[in-house]
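Each remark here refers to the structure printed beneath this line.
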């Protein structure tokens, strides 16, 4: 089984670094709410957010720790014969270089990285024959599920909704992800 893994919020805990960099770059400071529109929080255009993040890619992405349980979860997946690819909205170029170094530094295969530069991850999921995808962003989960790929949605403050999406299963942590993958595999037998 091939599994697609998002990076930010699933494998890499980059949000604290994004917030730190943006808080230092703009007068408005981040205040957690029920949405995750950074341009709205900081009162600047999306392009400006993207520019700052790319300029400070080493600090934003290179210094991120792994999400709790991700290292053990990925090791379990590999041990049990699952193939993984990493699909991220990060941009090609500088962000991709930093990301490849980060993956390698954490013992993950940088050759399995796909940077979609904010584009649809569903296209990569289909082209790479991904059988299950793990993401933390609700819109990504919906788009990927819409092409028939089951999604495990890692719970976060910015993806909570009362709306249920077909083929999307909410997971509270990497333990839930491992159990869900195991259950999906049994269903395929």
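The values are calculated or read from the model by the stated rules, or taken from the named source; none is laboratory data. All figures in this text were calculated on a predicted structure; none of them were measured in a lab. No Cβ is skipped: glycine too gets one built from the backbone with ideal geometry, and neighbour counts run over all protein chains shown.
Numbers below:
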| item | result |
| --- | --- |
| From the options 186, 163, residue that is surrounded by fewer than 19 Cβ atoms within 10 Å (Cβ to Cβ) and closer than 19 Å to residue 81 by Cα | 186 |
| Only listed residue being surrounded by fewer than 16 Cβ atoms within 10 Å (Cβ to Cβ), closer than 26 Å to residue 183 by Cβ and in the same structural domain as residue 182 (by TED's automatic domain parsing), chosen from 75, 101 | 75 |
| Residues of segment 2-37 satisfying the condition of being touching a helix residue (DSSP H, G or I) at 6+ places or on another chain (Cβ under 6 Å), surrounded by fewer than 20 Cβ atoms within 10 Å (Cβ to Cβ) and under 30 Å from residue 126 (Cα atoms) | 36 |
| Selected residue (only one of 102, 76 is farther than 16 Å from residue 6 by Cα, assigned to a helix (DSSP H, G or I) and in contact (Cβ under 8 Å) with a residue 40 or more places away in the chain) | 76 |
| Odd one out for residue 40 among (1) within 19 Å of the chain's Cα centre (by Cα); (2) at pLDDT below 95 | (1) |
| Listing of helices (runs of 4 or more DSSP H) fully contained in segment 114-189 that carry 1 or more residues being closer than 30 Å to residue 51 by Cβ and in contact (Cβ under 8 Å) with a residue 60 or more places away in the chain | 121-127, 138-146 |
